[in-house]
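The block underneath contains the structure these notes are about, expressed in C-alpha cells.
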Amino acid sequence: MRRPVTLVTGGSRGIGAATCVRLAADGHDLVLGYVRDRAAAEATAEAVRAAGARCLTVRADTSVEADVERLFDRAAEGVGPVTGLVNNAGVTGPLGPLAGARTEDLRRVVEVNLLGYLLCCRRAARDMTATGGGAIVNLSSAAATLGSPGDYVHYAATKAATDALTVGLAKELGPSGIRVNAVAPGIIETDMHAAMGDPDRPARAAASIPLGRPGAPGEIAAAVAWLLSPDASYTTGTVLRVSGGR
Ligand code: NAP
C-alpha cells in the first residue's frame, strides 16, 4: 500500500511540528511548510526523517496565493500527490480588546487564519478530487466558541469561520471521497503565547482548565493523526475539541 503524503502548514514549530513527528511515526511521508524559521523547520524535518519518513521543507506564506500553489506543486514533485492536508499555520496578533487593535494586525490574522486556510483547502480540493480522495484537518480553537473577550475576539472569529468552513466543505467534498474535520485545541504550550506578548499565559490559565493544566502539542497531534487515519473513515464535518474541558 502507498504511504500517505501529508502536507502540514506551520510544521516548523509547536502543534504543527508535533503533528509532523507523530504522523511520521504513523507511516506518513511529510511536506512541512513554514514561513520564517528555517532552522526550526529543518530541525523538525530531521526528527521526521529519523522516524523513517520522507520530509520536504518548503518556505511558503499561506496567505499568498502564489506561495500556496508553489507549496502544493513542490509537494507533488518532491514527495508525491498529497493525500492529507493539515491546515495549521496561524497567528493571533497582540493580546487586547478589539477597541485597541490595529487594522494591520486584524488584517494579518484574517489573511493567515482564514484566507490562508481557504487557499490551502481550495488547492487540496482540486488535487484530491483529481486523485480520488483524501483527508483535511483544520486547526481551529476553543476560542471559536468561547469568544476570547479582552484577548482576541478577531482571532476567535477566524476560528469560528474555520468551523463553518469545515462543516460546509465536508458536505461539498464528501461525494468525492474527501473527509474534512477540525481539531479545536484549548490552551497549549507553544511559542504562540510569547508571540502574542504573554509567555506565562498557559501556566496562569491552569486554574481555569478542568483538567488543571495546559495541553502539550503532542496531545493535539494525536487527535489530528486519528482524524487522518483509517480509524476515522466515517468521520467528516466534525470539530473535535481537545481542550482539557475548557
Ligand atoms: P506557533 O507555535 O506560534 O507556530 C506557528 C506556526 O505557523 C509556525 O510553524 C510558523 O512558521 C507558522 N506560520 C505562521 N504564519 C504563517 C504563514 N503566514 N504562512 C505559513 N506558516 C506560518 O503556533 P501553535 O501554537 O503551534 O498553533 C498552531 C495552530 O493551532 C494555529 O492555527 C493556532 O491558531 C492553533 N491553536 C493554538 C493554540 C495554542 O494554545 N497554542 C490553541 C488553540 C489553537 P515559522 O516557524 O516559520 O514562523
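The values are calculated or read from the model by the stated rules, or taken from the named source; none is laboratory data. The model shown is predicted, which means the values in this text are computed figures rather than measured ones. Virtual Cβ from ideal backbone geometry, glycine too; neighbours counted across all protein chains shown. The protein model used for the area step is the full one, side chains on, heavy atoms only, and it has no ligands, DNA or RNA in it. Shrake-Rupley method; radii C 1.70, N 1.55, O 1.52, S 1.80 Å.
Observations on the model:
- Check on residue 235, of a type outside the set (Asp, Glu) and assigned to a loop (DSSP other than H, G, I, E, B): yes
- Any chance residue 48 is hydrophobic (A, V, I, L, M, F, W, C), over 16 Å from residue 12 (Cα atoms) and modelled with pLDDT of 95 or more: no
- Of the residues making up the stretch 187-213, those that are near the ligand (Cβ under 8 Å from one of its atoms), under 19 Å from the mean Cα position of the chain (by Cα) and open to solvent by less than 20 Å² (accessible area, probe 1.4 Å) are 187, 188, 193.
- From the list 46, 42, the lone residue that is within 13 Å of the ligand (Cβ to nearest atom), over 23 Å from residue 113 (Cβ atoms) and of a type outside the set (A, V, I, L, M, F, W, C) is 42.
- Count of residues meeting criterion [touching a Pro at 6+ places or on another chain (Cβ under 9 Å) and assigned to a helix (DSSP H, G or I)] in the stretch 196-216: 5
- Selection count, the stretch 102-138, where residues are open to solvent by 40 Å² or more (accessible area, probe 1.4 Å) and over 21 Å from residue 75 (Cα atoms): 9
- The conditions of being outside any helix (DSSP H, G or I), open to solvent by less than 10 Å² (accessible area, probe 1.4 Å) and in contact (Cβ under 8 Å) with a residue 24 or more places away in the chain are not met by residue 224.
- Within the stretch 66-104, if we keep just the residues that are in a helix (DSSP H, G or I), small (Gly, Ala, Ser) and without any contact (Cβ under 8 Å) to a residue 60 or more places away in the chain, the residue that is farthest from the ligand (Cβ to nearest atom) turns out to be 99.
- The residues on offer are 23, 32, and the sole one that is surrounded by 24 or more Cβ atoms within 10 Å (Cβ to Cβ) and in contact (Cβ under 8 Å) with a residue 40 or more places away in the chain is 23.
- Number of the exception - residue 109 against (1) in a helix (DSSP H, G or I); (2) in contact (Cβ under 8 Å) with a residue 60 or more places away in the chain: (2)
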